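Asker: For reference, the structure I am asking about is given below.
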C-alpha cells in the first residue's frame, strides 16, 4: 500500500465526492422539504412516492443514457460529474428524511417568525434549520456514508483522474486473481474514516434518527 503513490489522490476524490454531493443535496433538499412539510399541495404525497420509487430503479437501467450525456458534456472521469450523480441518486433519501423531521416542527413557530417580519430565506436559515439540526446532522452523516461507499457509478463513470477509493480497491482485482493482502489493507484504509466519523458522531446520529419519535 505504501508503494501506491496515488492513494492520497483517491482519498481526496472520495472526500470531495462524498461531502460535495451531500452538501449540494442539502442545499436543494432543505427548501424542497420545507415546501412539502409546511406548504403541501394535493400532489405532495404523489411527488414523495415518485421520488422514493426512483431509488428502486436498477442503476444499470439508466447507465447508458447517463454515460452518453456525460461523454457529450465532458463530465466523464471528473469530480464534478460524480458529485452531480451522487447528488441525484441520494436526493430522494435526503428530501424524505428532512421532510419527516420538518413535519415534527410546529408550524406556529414559523408563522410567528413571519409575523415578526422574517422573509422566507431568513425563516429557513435562522428559524427552521437551527431547530432541525439533529435531523439535518443525521441526514448528512448517512448520505456521506452512502456516497463514500458507492461503487457502481464510480466504477462506470471514472477511469483514473476522479476515481475514488471504491475504484482504488477494485484495482486489486485482476484476471490473475485477487491480491488478498493488498485488498484487505485498501479496504481497511477506506472504511477507517467512516468508522471514525461514525464513532465520534454516534450520539448526534442517534438523536437525529429519533428526532420527533417521542413527544
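Asker: Treating each Cα of the range 1-75 as an identical point scatterer and ignoring solvent, apply the Debye formula and state log10 I(q)/I(0) at q = 0.15, 0.16 Å⁻¹.
Answerer: Cα-only, vacuum Debye calculation for the range 1-75: -0.86, -0.93.
Asker: Follow-up. Can you figure out the FRET efficiency of residue 180 with residue 52, using R₀ = 41 Å and their beta-carbon distance, to the nearest 0.05?
Answerer: So, using R0 = 41 Å, E works out to roughly 0.60.
Asker: Right, next: Taking just the alpha-carbon atoms of the range 7-209, what radius of gyration and Dmax come out, in angstrom?
Answerer: 19.4, 70
Asker: For the chain, what does the helix formula give at 222 nm: sum of -39500 (n - 2.57) over DSSP H segments with n ≥ 4, over the residue count, nearest 500 deg cm²/dmol?
Answerer: Result for the chain: -22000 deg cm²/dmol, rounded to the nearest 500.
Asker: Between residue 63 and residue 199, take the C-beta separation as r, use R0 = 25 Å, and let me know the FRET efficiency to the nearest 0.05.
Answerer: Efficiency, rounded to the nearest 0.05: 0.10.
Asker: Suppose R0 equals 30 Å; then what is the FRET efficiency for residue 35 and residue 170 from their Cβ-Cβ distance, rounded to the nearest 0.05?
Answerer: Efficiency, from the Cβ-Cβ distance: 0.15.
Asker: Please pull out the direction-averaged projected area of the range 64-112, using the convex hull of its alpha-carbon atoms, in nm² to one decimal place.
Answerer: Its Cα hull, projected and averaged over all orientations, spans 5.1 nm².
Asker: Here's something else I'd like to know. Per residue and in cubic angstrom, what volume does the convex hull of the Cα atoms of the range 1-125 have?
Answerer: Per residue, the Cα convex hull of the range 1-125 comes to 167 Å³.
Asker: Work out, step by step, the length gained on full extension between residue 28 and residue 73: first 0.36 nm times the residue separation, then minus their alpha carbon distance; give nm to one decimal.
Answerer: Gain on extension, residue 28 to residue 73, equals 14.0 nm.
Quick note: the coordinates plus some simple rules give every number you see, no bench work behind them. Since this is a predicted model, take the numbers as computed values, not measurements. Backbone-built Cβ (ideal geometry, glycine too); neighbour counts: all protein chains shown.
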